[in-house]
Amino acid sequence: MATEALARAEWTNPRNDHRWLVLVVVSIAQLMVVLDATVVNIALPSAQASLHFDNSQRQWIITAYALAFGSLLLLGGRVGDMLGRKRTFLIALVSFATASALGGAAPSFAVLVVARALQGAAGAMLAPAALGTLVTTFHNPRDRGRAFGVFGTVAVGGGAVGLILGGVLTQYLSWRWCMYVNVVFAAIAVVGALAYMTEVTIPNPPRIDVAGTVLAALGLFGVVFGFSQAETDGWASGVTVGSLVLGVILLAVFVRVEQRVAQPLLPLRVVADRARGMAFAAVGIAGLAMFSLFLFLTYYLQLVKHFSPVTSGLAFLPMIGCVMISSNMSNIVTLPRFGPRIVITTGMTTVLLGLGYLSRLNTHSSYTGAVLPSLILMGLGMGMVMAPSMNTATAGVRPQDSGVAAALVSTMQQVGGSIGTAVMSTIAASVTSSYTASHAAVAGFDAAAATQGYSRVFLASALVFAAGGIIAAMLFPNRAQLAAKRDAVGIAESASVDPKGLDTVPAFEA
């Protein structure tokens, strides 16, 4: 198509023969961002003992990162569109490394919280720049499928890698190395970016939408903060309710503002496409399950089965392997052949089966008999959901919108994780309290009560995926509808008409 060919000529560098090395570089950066959401979890007890802060303050080590990351993602994506991917990528890497070094050397709780917030702000620029680089680097459908297969593996498996790495560093070095290790990752990525990435000059780059930026940042902050507070203060807390309501109101106003400004922070055409909108929703659902799975299964393995931090992290390796296989097979083989509806619905169903099986856990369940089969099913399913959803969500966007589209993918994953952690923590606490109140205290009573809560969390997550599978099957466009849309774009372009709302044909259909 003429427009697509022109866009590729303008927005890609034909002399760039290093696209697979670029994939390695952005994957290292993405791994750093994703694992940082979990690597600190393992280090928290040691950090608390070292810096002498209370249990009530502990959540802020996690929340500070999530708040800055989640609320600034859309702005970070637009900064990449304005300044260029490579420049934004390098600035974000250096900023992330600096914040990590500050956190590693933190002499007090307050400094560690500030460092985590700065990490989140840098990650909000880094994650969209990394994914946006893939969008503008890989256009051939088969190469794009391979690239997003690898990237999807990192996006899902990075959390488990964080658990392993956090356990090893904490157990054999110091909790501070859970922060310092990012300096090593960032240094490698900076060298690779300088050597292999090429900058793309964007003609007439968008300006900052000040009103949209403020509304989006405050709205996302309110939502993420509200769900974070629900975990500790309860759903009826005035702070929780007020934050959630205010966040939703601000996001609603943000949508209205974006309909009226000339250069919106989030062009609504990015989310108006049916396939892309469903892909964003699928990423959110996957984020919900991923974060709650890592959190509560880690609790089960360590507190109930008495696995060491390193062993509990290694227990997730089969899942990472299955995600790797499934992500690449889905993007390269099944997505081009069957389209997102069948692939993502099948993935949702597979994760549902894995979580359903995991919900049968009790204190006597074995890893090989109860946990391992579930991890295999969930790894295969998450690979079929996450990588194809990322591919679909960023395919066919206008080059000047690729950064904000990539940012929205990360936003949905982050918000989904925040919602999942808060809701599932509430369920676990409620079920555990109910079990404690209705059963007599005997040997192993605490472990049994906790396991009851974990199993209900896995069941609730399974029900979320059941709903997600039904919605995906009903609302994702099929291959015939995507083909018809592609033809409509081609007709509009040949007539020199701006195909408003029809500029988002997935690349795997081209």
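Here, each number is a calculation from the coordinates, and none is a lab measurement. As the structure is a prediction and not an experimental result, all values here were calculated from the model. All Cβ positions, glycine included, derive from the backbone under ideal geometry; neighbour counts span all protein chains shown.
Here are the numbers for the structure shown:
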read-out: 353, 268 arranged by Cβ crowding within 10 Å, fewest neighbours leading; value: 268, 353
read-out: Debye intensity ratio I(q)/I(0), log10, the chain, q values 0.07, 0.08, 0.11, 0.12 Å⁻¹ (C-alpha model); value: -0.35, -0.46, -0.90, -1.08
read-out: Inter-site label distance for residue 173 and residue 446 at 7 Å from Cα along Cβ, in nm; value: 3.2
read-out: Virtual spin-label span in nm between residue 251 and residue 187, 7 Å along Cα→Cβ; value: 4.0
read-out: FRET efficiency, 1/(1 + (r/R0)^6) with R0 56 Å, evaluated for residue 198 and residue 437 via beta carbons; value: 0.35
read-out: Signed unit charges on C-beta, dipole axis of the chain, positive-most listed residue 214, 264, 307; value: 264
read-out: Structure-based [θ]222 nm, the chain - -39500 (n - 2.57) summed over DSSP H runs of at least 4, per residue, nearest 500; value: -27000 deg cm²/dmol
read-out: Per-residue ³J(HN,Hα) for region 169-181, Karplus 6.51 cos²θ - 1.76 cosθ + 1.60, θ = phi - 60°, Hz, x for Gly and Pro; value: 5, 5, 6, 10, 10, 7, 4, 5, 6, 5, 9, 4, 4
read-out: From phi via Karplus (6.51, -1.76, 1.60), per-residue ³J(HN,Hα) for region 409-419 in Hz, x at Gly/Pro; value: 4, 5, 4, 5, 5, 5, 5, x, x, 5, 4
read-out: Segment residue 21-residue 260, length gained on full extension (0.36 nm per residue, minus Cα span); value: 82.0 nm
read-out: Listed residues 438, 340, 463: farthest to the positive end of the dipole of the chain (Cβ charges); value: 340
read-out: Geometric extent, Cα atoms of region 209-264 - Rg, Dmax (angstrom); value: 12.7, 41
read-out: Length gained when the stretch residue 236-residue 82 is fully extended (0.36 nm per residue, less Cα-Cα span); value: 51.3 nm
read-out: Spin-label model distance (nm) - residue 272 vs residue 214, 7 Å beyond Cα toward Cβ; value: 2.7
read-out: Neighbour-count ranking [beta-carbon atoms within 10 angstrom, fewest first] of 87, 207; value: 207, 87
read-out: Linear extension gain, residue 54 paired with residue 111, 0.36 nm per residue minus alpha-carbon span; value: 19.0 nm
read-out: Square roots of 5 times each gyration tensor eigenvalue, C-alpha, region 41-185, largest first, Å; value: 30, 18, 12
read-out: Centre separation in Å (Cα based) which lies between region 262-330 and region 28-91; value: 16
read-out: 148, 465, 476 arranged by Cβ crowding within 10 Å, fewest neighbours leading; value: 476, 465, 148
